[in-house]
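Just so it is clear, none of the values below were taken in a lab; they were calculated from the coordinates. Everything numeric in this text was worked out from a predicted model, so none of it was measured. Heads up, the Cβs are rebuilt from the backbone with ideal geometry, glycines too, and the neighbour counts pull from every protein chain shown.
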Amino acid sequence: MFKEKLNKKLAASMEEYGFTEPTPIQAQCLTKITGGFDVIGIGPDNAGKSSLIVMGTIQKLQRAVEKTPRALILVSSKEKAIAMEEQFNALTKYTDLRVHLLYEGGNIDQQSIDIYDDGSDIVIGTAKRTLEVYFLRNLNLNKIKLFVIDDAEMIIKNFLQGQIDRLALSLPKCQHLVFTNELSPKIEKLIEKFIIAPHIVEVEE
């Protein structure tokens, strides 16, 4: 039943990738994501939150359009960005969706050129580097339809609230997804500025 809700290209790549059954958070959140709702997903490590972001983003965007990014996904580290890109590469096998990364340690000029020259549908980035590229006017956020924060508890731990605020308030009206291990008062304070009435989904170990 779960795969019947997915577009055929995504379902085919998931089957090849070895995806069998959804985790509880995936089963509960995917229809809300594809339905256009703002979602806060709460669950432990290995609950399938990052894979859900990949599936939900592909299901929403489906194909390449123009050159301007339509999904911005903020992650906590370079390693997390690379790992998520690997999942996107596997699950976009039968689509023409374009994915690019922004993270510290990479050449900022080259990262900007890749997005601009190739065109991009999905940008995965750390908050600091994404904001740097935005300030350089090398990242067009005007067409963003999906704004995602993964590992929100780590973003709070690393004192990146200011960067998140600046990026979130620079976006047009769009759908918001936030995933975290726990919904702390600091995370609530962070997201209340740009999410009004989210659907909250919480799963346990």
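For the chain, just say rounded, prolate or oblate: build the C-alpha gyration tensor, square-root its eigenvalues into a ≥ b ≥ c, call rounded for a/c under 1.5, and beyond that prolate if a/b exceeds b/c, oblate if not. Here the chain falls in the oblate category. Fewest-first ordering of Val123, Val203 by other beta carbons within 10 Å of each residue's beta carbon gives Val203, Val123. By the helix-only formula, in which each DSSP H run with n ≥ 4 contributes -39500 (n - 2.57) and the sum is divided by residues, the chain has a 222 nm mean residue ellipticity of -13000 deg cm²/dmol.
Cβ crowding within 10 Å, taken as a proxy for footprinting-reagent exposure, orders Thr57, Thr92 from fewest neighbours to most as Thr92, Thr57. In a reduced charge model with +1 at each Lys and Arg Cβ and -1 at each Asp and Glu Cβ, the chain shows a dipole moment near 740 debye about its Cα centre. With contacts taken as Cα pairs under 8 Å at a separation of at least 6 residues, the chain carries a relative contact order of 30 percent. Put in order of Cβ neighbour count within 10 Å, fewest first, the listed residues Arg166, Arg70 become Arg166, Arg70.
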